[in-house]
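Report on one structure; see the data block that follows.
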Amino acid sequence: MIQLLLNIKSNGNIILNKLLIVKNIYIFILLFGCTIQAQTLDELKKLDTLYFYFSESEYQKKDSYNDMNVNDSLIIYAYYKNNKELIRLKYSKFEDFDAQFADISTYKKYHKKRFLKKNKERLITIDFLDNLNLEERNEFLDSRRWKKNFIIDEEEIKGRKILIRRAFVNSPFSTDDNEEVYQLYPKRYLNPFYEESGLNDDFFTFIIPKKKLTSATEDLYILFEPSELAVKEDTCKHFVQQGNTYSAPRVQEQYTFKLNINNQTVFFQLTHKRKESQKLEKKYDLFSKQHETVSFQDLDSFSEKQLEDLFARTRNIYIVENFTEKEYVIPLLVTPTSYWVDFVKNNND
């Protein structure tokens, strides 16, 4: 009798779970089924905000990684067609390191289900993505890079509430429907200050100091001299909407150092975005021990513990160029980054 009751209870739970799944699907179809078919690419490109409905399956996959540094998960959501990736979006607690340093968290909030009904014309599903050809897919992808995208994960629908996460487009452009499928590995953070990501069989490791401590009081000045192991690259990004530039170009200067730590190749990359005010400083003051200055040779010789101590007491990091002959220098405020520039891909021993 007891075993019979247990079996009834177990079967009842299975049926209940299936009913809940069917209920979610029914509500989804009821609210959005008619509207999704009416969406066109041109209509969606005009919208500033879109919501991507995600239901994990063979064609909708996600990878989740625990980010110990910020006590949250990094989640990659990807949509596929015929084993080809259509679009990939990334959720992380902070959009980038500028946001992390400013303590601006990525949007993540519960809403009532009626929120979806109010925004059903902004909802994107796998069916819409599946019907795009290569040119349309790239066009749609380009239109979403600088706009607001949110993920609604079916797994995170709880009763009458849904969790909405801000997500960022993390997909490359495709040039060929038959192009090779690349296996991308999202970033993961390793103690004490490393970030690792990968492409196929290549993994790249960057030094990313943890968020500044409130007790940090010193500014660090890194002396830059170009060499085979230290390069500077300038990039210019234009934000474009419907063919018209709507914001000024963003010029970035990236300084990338190739270091050897514990017999492993590690990159230390610093990016200056040319938006901070700059001021001249006397070279004499810079080298008179009023500031902490290090060279590439210093960085490459430091042990892991020495680097960890250095970053722990560092408030801001500056790059200093042209310091050998001039009386005055202009320190540039920089942020640690982890871009796979050509120097990184070509020197990842």
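Answer with yes or no whether Thr214 is over 30 Å from Arg88 (Cβ atoms) and either at pLDDT below 65 or among the hydroxyl-bearing types (Ser, Thr, Tyr) (or both).
Yes: the conditions hold for Thr214.
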Considering only residues that are in a strand (DSSP E or B) and closer than 12 Å to Leu333 by Cα, which ones fall in the range 256-274? Leu270, Thr271, His272
Would you check if there is a residue in the range 236-258 being surrounded by fewer than 20 Cβ atoms within 10 Å (Cβ to Cβ) and either modelled with pLDDT of 90 or more or in the same structural domain as Asp96 (by TED's automatic domain parsing) (or both)? no
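Go through the range 156-170 residue by residue and tally those that are in a strand (DSSP E or B) and more than 22 Å from the chain's Cα centre (by Cα). Working first, answer last.
Taking the range 156-170 and keeping what is in a strand (DSSP E or B), we get 156-158, 161-169.
Now restrict to residues that are more than 22 Å from the chain's Cα centre (by Cα): 157-158, 161-162.
The total comes to 4.
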Please list, ordered by residue number, the helices (runs of 4 or more DSSP H) wholly in the range 18-121 having 3 or more residues that are at pLDDT below 80 and either in contact with a Ser or Thr (Cβ under 9 Å, 6 or more places away or on another chain) or among the small types (Gly, Ala, Ser) (or both). 97-101
For the range 310-348: of the residues being surrounded by fewer than 17 Cβ atoms within 10 Å (Cβ to Cβ), more than 27 Å from the chain's Cα centre (by Cα) and not polar (S, T, N, Q), which is nearest to Phe267 (Cα to Cα)? Ile330
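The values are calculated or read from the model by the stated rules, or taken from the named source; none is laboratory data. Predicted model only: the values in this text are computed from it and were never measured. Neighbour counts are summed over all protein chains in view; Cβ atoms, including those assigned to glycine, are modelled from backbone coordinates with ideal geometry.
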